[in-house]
Every structure is written in C-alpha cells, then in structure tokens.
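In what follows, a structure is listed as structure tokens, so that the remarks can point back to it.
The values are calculated or read from the model by the stated rules, or taken from the named source; none is laboratory data. Since the model is a prediction, treat every value here as computed from it, not as a measurement. Note: ideal-geometry Cβ built from the backbone for every residue, glycine included; neighbour counts use all protein chains shown.
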Amino acid sequence: MRIVQLQTSRGVRAAVVESPSQLRLIEHSGGTYALALAALEAGVSLVEFISSRRSHELLDYQQSIDQGLLLPPLTHPDPAHCLISGTGLTHLGSADTRSAMHAKAQIDEENQTDSMRMFNMGIQAGKPKAGEVGAQPEWFYKGDGNIVIAPESPLQVPAYAQDAGEEPELVGLYINDSEGNPCRLGYAIGNEFSDHITERTNYLWLAHSKLRACSFGPELWLGALPDHLAGTSRIVRNGETLWEKPFVTGEANMAHSLANLEHHHFKYAQFRQPGNVHVHYFGTATLSFADGISVQDGDRFEIELPTLGRSLRNPVVFSTEEKAQAYQVRWL
C-alpha cells in the first residue's frame, strides 16, 4: 500500500494511491501523523487501520499536483518535533566501484582515508545477525521539519551555498509511540540535497554541507521493501535532460542492513522522545556532481524509484541575496 498527504479544504488529509491517476481519501482527519497515532492507540498496524477507513471519495492525482495540494507524505503538526538526519558511506555502488574499493582496502591502514576506513567497517560488520550490533555508520544532522520541501515545490539554494547537488536516496519514516519506542511507518523516495563543493573543500565541513533543504515522497510505501531497488536520477534544464544516471539501493546494494542503521540512530535516548517524527536518509552512490554537473537556477531534479510510486520532482531556485553579508546577532 502507498499513501500520500494532501492539503484539502478540510485540512490535511491522507489518501491511498488507487492507481497512477487516482487517489482515495482516508476517512480520518489530521493526515498521516494522526493516522499513525490512531493506529498505535487502536493496537493495529497502519495498513489495517487505513484499510478499514477508505472513503468513497476519489481525487485526480495529477489535478491535485497541478493545484499545489501535494504535501510530504509525513509531517508533524509542529515542525520542531520532526528530526531530519542521515547516514553516508552505506552503499556499495557499481560492481567496478566495489572492486576498486576492495582492492584499495588491501593497502596498509595508514594510507587509507577516514572515509575508506568507515566504508570498510560497514563491509566487514555492517550487516550483523539478528539481535547483534554491527559497525556504527557515518551519521549527520540536516535540520527539523522546517527544511522539508513538498514534492513538486522548489528547493531553495541559500546565498552562502557553493553548490546545489541532488542525492537520490531511500528514506525511512518513523514516529515514536507514547513510551518513546520508535515505530517504522515505511519508506519514501528522497532527495537529500547537499553542498558538495563545501564538503570536498574539507571533510570536516561535511556537517555544514548537509544543512540544506530536502524533499521526500510524494508517496509513502507501507510495508517491507524488496532487497534490490533500481531507479533513475535525472536533471532537466529548459525542458531537456541535462544529465541522467541509474542508481540502485536496498539492502542487496548496501554495506549496512537497514536494521543496523536504525539501531545506531535510535540508540540515543534524545531521539526517542514520545510523539516525535524522524525522517532518515539511508545514503546514495550516485551524484551528478561526481560527473562534473553544476546545477543552475531553474533546473529540475527528477528521482524515479518505480517500486515506491510516482517520481520525486523539485525545481531549484537560487537566492538573490548578496553572499558577502555577515549575519549579525544582537544583544538582548
């Protein structure tokens, strides 16, 4: 089952994707977050709860997009209670890249970069047996719910940014129950959107490079995933494809299991606050930046991952502010 979230005349509502052209509203107000809380209270799965509340009201999918009604598939009523985070160095990449990495791993330890060491930790111990703890991945913070941009809406590039690069990723969506136990709702297509020039200038600026907007959706996949997922990442400029490349994700293409990545996020008590929403990006192996692409104002990102439904599309808008302006903090 796949669902979307919409802004309607009756407030935020969730709808089941009936077909590529039709949505069926769910008889429950408050959107996906309210649905999840109600399912938890009822002691049933989200799929069961939704299945018993399908309405007779159908909406035209494309018309909903054209009218600007589409929202991210999961939001918190208070964006400050939604944490956006991610993990890197998680994907194996192509067979050639994987072979090169394995060959490089044979050189002596002191000649390896920190990134290569981190990657090798995942290769060696990123998929532990059930009940065991595996290698800890790279982890980063992006922001709270205020940085999330709805599908089809523009990603804003701040004036201080040096780059505006897509990162096509699988995203896990979670809510903590009333006792703080994290519950997985499902998965979505994500564009993690980073500043790769800033990151590559100095790896210690990775944290800075991640503090950008992001988008995910438009659909939320409820249920277990196939081990192998294949999609396409694309940049469109002036109506024509500027760059396009296939990408793969899912556990068969990763150095870490999803369960291991989840453990190393939710092991921290501050991430288990009751009622909070978590949006976690699982990493990528495909970037247009690696192929020398420089994104321009008005370009559009398109990320296809057919298993998860409709493509995630976002145009890019660059800030017109002066880059040299220093931010001033005043005394209170």
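Within the bounds of the stretch 212-220, is there any residue that is surrounded by fewer than 20 Cβ atoms within 10 Å (Cβ to Cβ) and in contact (Cβ under 8 Å) with a residue 12 or more places away in the chain?
In the first step, residues of the stretch 212-220 are kept if they are surrounded by fewer than 20 Cβ atoms within 10 Å (Cβ to Cβ); the result is none.
Looking for residues that are surrounded by fewer than 20 Cβ atoms within 10 Å (Cβ to Cβ) and in contact (Cβ under 8 Å) with a residue 12 or more places away in the chain, one finds none in the stretch 212-220, hence no.
Looking across the stretch 254-287 at every residue that is at pLDDT 95 or above and polar (S, T, N, Q), the one that is farthest from Leu37 (Cα to Cα) is identified as Ser257. When Phe266 is tested against (1) over 17 Å from the mean Cα position of the chain (by Cα); (2) in contact (Cβ under 8 Å) with a residue 40 or more places away in the chain; (3) more than 15 Å from Asp227 (Cα to Cα), exactly one condition is not met: (1). Among residues of the stretch 21-44 that are more than 18 Å from Ser55 (Cβ to Cβ) and in contact (Cβ under 8 Å) with a residue 12 or more places away in the chain, those with a Cβ under 8 angstrom from a residue that is among the hydroxyl-bearing types (Ser, Thr, Tyr) and surrounded by fewer than 21 Cβ atoms within 10 Å (Cβ to Cβ), sequence gap 6+ or separate chain, pair up as Tyr33/Thr75; Leu40/Ser178. For the stretch 38-75, a residue qualifies if it is closer than 30 Å to Asp177 by Cα and hydroxyl-bearing (Ser, Thr, Tyr), and the qualifying residues are Ser45, Ser51, Ser52, Ser55, Thr75.
Which of the residues spanning the stretch 306-332 are in a loop (DSSP other than H, G, I, E, B) and hydrophobic (A, V, I, L, M, F, W, C)?
Residues of the stretch 306-332 in a loop (DSSP other than H, G, I, E, B): 309-311, 319-332.
Passing the criteria: Ala324, Ala326, Val329, Trp331, Leu332.
From the residues in the stretch 41-58 that are surrounded by 19 or more Cβ atoms within 10 Å (Cβ to Cβ) and of a type in the set (A, V, I, L, M), which one is farthest from Thr75 (Cα to Cα)? Checked the stretch 41-58; the qualifying residue farthest from Thr75 (Cα to Cα) is Ile50. Any residue that is in contact (Cβ under 8 Å) with a residue 60 or more places away in the chain and among the aliphatic types (A, V, I, L, M) - is there at least one of those in the stretch 316-328? Within the stretch 316-328, one or more residues are in contact (Cβ under 8 Å) with a residue 60 or more places away in the chain and among the aliphatic types (A, V, I, L, M). Does Gln296 satisfy being of a type outside the set (Lys, Arg) and more than 26 Å from Val236 (Cα to Cα)? Judged against the criteria, Gln296 is not a match. Residues in the stretch 78-100 include at least one that is surrounded by fewer than 12 Cβ atoms within 10 Å (Cβ to Cβ) and at pLDDT 95 or above. Selection over the stretch 151-181 of residues that are in contact with a His (Cβ under 7 Å, 6 or more places away or on another chain) and either under 20 Å from Ile3 (Cβ atoms) or not acidic (Asp, Glu) (or both) gives a count of 4. Restricting the stretch 260-279 to residues that are of a type in the set (A, V, I, L, M, F, W, C) and surrounded by 15 or more Cβ atoms within 10 Å (Cβ to Cβ), which is farthest from Pro128 (Cα to Cα)? Filtering first and then ranking leaves Val277.
Looking at Leu23, Leu40, which one is under 24 Å from the mean Cα position of the chain (by Cα), farther than 23 Å from Thr307 by Cα, of a type outside the set (D, E, K, R) and not in a loop (DSSP other than H, G, I, E, B)? Steps first, answer last, please.
Numbers: Leu23 fails: farther than 23 Å from Thr307 by Cα.
Testing whether each residue is under 24 Å from the mean Cα position of the chain (by Cα), farther than 23 Å from Thr307 by Cα, of a type outside the set (D, E, K, R) and not in a loop (DSSP other than H, G, I, E, B) leaves just Leu40.
Restricting the stretch 135-171 to residues that are surrounded by fewer than 18 Cβ atoms within 10 Å (Cβ to Cβ) and among the hydroxyl-bearing types (Ser, Thr, Tyr), the residue that is nearest to Ile123 (Cα to Cα) is Tyr141.
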